[in-house]
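J.: Below is one structure. I have some questions about it.
Every read-out reported here was derived from the displayed coordinates using simple, explicitly stated rules and does not represent laboratory data. From a predicted model like this one, the values you see are computed outputs, not experimental measurements. All Cβ positions, glycine included, derive from the backbone under ideal geometry; neighbour counts span all protein chains shown.
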Amino acid sequence: MAAIGDVFKPGEKVPNSGIYQVIHDPEHALTHEVTCVFGEPFAPCHGCGSRPRFRLVRIARHIHQNEHFK
């Protein structure tokens, strides 16, 4: 399980579903947030390739992992 603030790069598997801050090459795009799903790979950027980093902001269980929605 990842901790808030942990940083990941494209190609690594998402350790926890949740909100991640994306830090791009500053010449390409501003920092923003995205939702990433457990087990899927962090994607490369169309503009700056494998340079973005994904910082975990908030963990959220995917609805399919919640006992109320199975």
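J.: Taking only the C-alpha atoms, wrap a convex hull around the chain and report its volume per residue in Å³ as a whole number. Don't skip to the answer; put the middle values down first.
T.: Numbers: hull volume 5.7 nm³, N = 70.
Spelled out: Cα convex hull of the chain, divided by residues, is 82 Å³.
J.: Per 0.36 nm of contour for each residue apart, how much would the distance between residue 23 and residue 43 grow if the chain were fully extended, relative to their Cα-Cα spacing? It would help to have the intermediate numbers written out before the result.
T.: Details: separation 20, 0.36 × 20 = 7.20 nm, distance 1.26 nm.
Working it through step by step, the gained length comes to 5.9 nm.
J.: Please state the charge dipole magnitude for the chain, taken about the Cα centre, from unit charges on C-beta atoms (+1 on K and R, -1 on D and E), reported in debye and rounded to the nearest 20. Intermediate values should be presented prior to the final figure.
T.: Details: 8 positive and 7 negative charges, 29 e Å.
For this selection, approximately 140 debye.
J.: Can you run phi through the Karplus equation (6.51, -1.76, 1.60; θ = phi - 60°) for segment 44-49 and list ³J(HN,Hα) in whole Hz, with x for Gly and Pro?
T.: Those phi angles translate into x, 8, 5, x, 10, x Hz.
J.: Another question, if that's okay. Note down the net charge around residue 25, summing +1 for each Lys or Arg and -1 for each Asp or Glu among other residues with Cβ under 14 Å from its Cβ.
T.: Working: positive: 9, 51, 53; negative: 27.
My count for the surroundings of residue 25 gives +2.
J.: So how much slack lies between residue 7 and residue 64, counting 0.36 nm per residue of separation and subtracting their Cα-Cα distance, in nm?
T.: 18.1 nm
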